[in-house]
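Colleague: What follows is a structure written as structure tokens; I'll ask about it next.
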Amino acid sequence: MRQYPISRDGWIYLGVLAVVSVLFWFIYPWLAILPVLLFCFVVYFFRNPKRIAPQSQEPILLSPADGVVMDVARVMAEEFLPGECIRIRIFLSIFNVHVNRAPLDGTVVFRKYRAGKMLPAFKDHASALNEKNYIGLEKDGVKILVTQVTGFIARRIVCWVNEGDRVRQGERFGLIKFGSCTELFLPPDAQVFVGKGEKVRGGVTIMGRVNKIEP
């Protein structure tokens, strides 16, 4: 999918706000201040920066999102990954870039959408109850799972990939509109390089590494 400096998913909001701003300007110019400010915010929120993924001979995993690591924990996988796995939760405020990126090269072998609530994304039970999208990736026998979770402000999950698609490490695969959480699920023997409270950047920050499965 062709990418632009401002994500295409924000264009309709910008178009509506531009029209409203012009109409307000001709009626009462001072009224145009609010839609102009909203226009600027939408431009900022849907920014879609180009990033260069770090190169490494090791099987590293990159952050799927910008934000702050809420926790790193061992949990039982609810989808795709069998048994115990390592979960890294990333909270995205409305000021973070909201484009999600692939943690590694691989093939999309699993995708599932689950309807749900709109609880604040930083709540511990938000992952279990909120609207959620699952993307399972596989490469050389290694499987990881990325989930997009809505929050109190977020109202829509956007995913640009489907089962069978191949993605490159750091490639954009979707976004969550207006505040959210992104989760990264890793095999139980993966090494994790980040901890709670650390700021991460999608497609740039190295989250950990996985062990390759020998043939």
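Nothing in this text is a laboratory measurement; each read-out follows from the coordinates by a stated rule. Model, not experiment: these values are computed from the prediction. FYI the Cβ positions are ideal-geometry reconstructions off the backbone, even for glycines, and counts take in every protein chain you see.
Colleague: Quick check on packing: order 6-19, 45-58 by the mean number of other C-beta atoms within 10 Å, highest mean leading.
Modeller: Result, highest mean Cβ count within 10 Å first: 6-19, 45-58.
Colleague: Could I ask something else about it? In nm, to one decimal, how far is the modelled label at VAL22 from the one at ILE6, with both set 7 Å along Cα→Cβ?
Modeller: It works out to 1.4 nm between the two label points.
Colleague: If you don't mind, another one. Provide MET207, MET70, MET76 in ascending order of the number of other Cβ atoms located within 10 Å of each residue's Cβ, fewest first.
Modeller: Fewest-to-most ranking of MET207, MET70, MET76: MET76, MET70, MET207.
Colleague: Run lengths n ≥ 4 of DSSP H only: what is the helix-derived mean residue ellipticity at 222 nm for the chain, with -39500 (n - 2.57) per run over all residues, to the nearest 500?
Modeller: Values: 3 runs with 34 residues, N = 215.
Value at 222 nm, helices only, nearest 500: -5000 deg cm²/dmol.
Colleague: Cross-chain or 8 or more residues apart, Cα under 12 Å: how many lysine pairs in the chain fit that? Count them up, please.
Modeller: Values: LYS112/LYS132; LYS117/LYS132; LYS139/LYS212; LYS143/LYS212.
Count of close lysine pairs: 4.
Colleague: Is the chain best put as rounded, prolate or oblate by its Cα gyration tensor, with a ≥ b ≥ c the root eigenvalues, rounded for a/c under 1.5, and otherwise prolate when a/b is larger than b/c, oblate when not? Walk me through the numbers before you get to the answer.
Modeller: Values: a/c = 2.27, a/b = 1.91, b/c = 1.19.
Here the chain falls in the prolate category.
Colleague: Could you calculate the FRET efficiency of PHE95 with VAL36 from 1/(1 + (r/R0)^6), where r is the beta carbon distance between them and R0 is 22 Å, rounded to 0.05? Walk me through the intermediate numbers first.
Modeller: Details: r = 19 Å, r/R0 = 0.87.
For R0 = 22 Å, the calculated efficiency reads 0.70.
Colleague: Before anything else, pin down the relative contact order of segment 1-149: Cα pairs under 8 Å, at least 6 apart, normalised by residue count, whole percent.
Modeller: Values: 209 pairs, mean separation 24.9, N = 149.
Once divided by the residue count of segment 1-149, the mean separation gives 17 percent.
Colleague: Now for a separate question. Report the relative contact order of segment 60-209, percent, no decimals, based on alpha-carbon pairs under 8 angstrom and at least 6 residues apart. Show your work: numbers first, answer last.
Modeller: Numbers: 437 pairs, mean separation 53.4, N = 150.
Reported relative contact order: 36 percent.
Colleague: What's the exposure ranking of PHE193, PHE178, going from fewest to most Cβ atoms within 10 Å? Present the calculation step by step, with values, prior to reporting the outcome.
Modeller: Numbers: PHE193 13, PHE178 17.
If I rank by nearby Cβ atoms, fewest first, I get PHE193, PHE178.
Colleague: Now for a different question. Whole angstrom only: what separates the Cα centroid of segment 141-193 from the Cα centroid of segment 40-59?
Modeller: 14 Å
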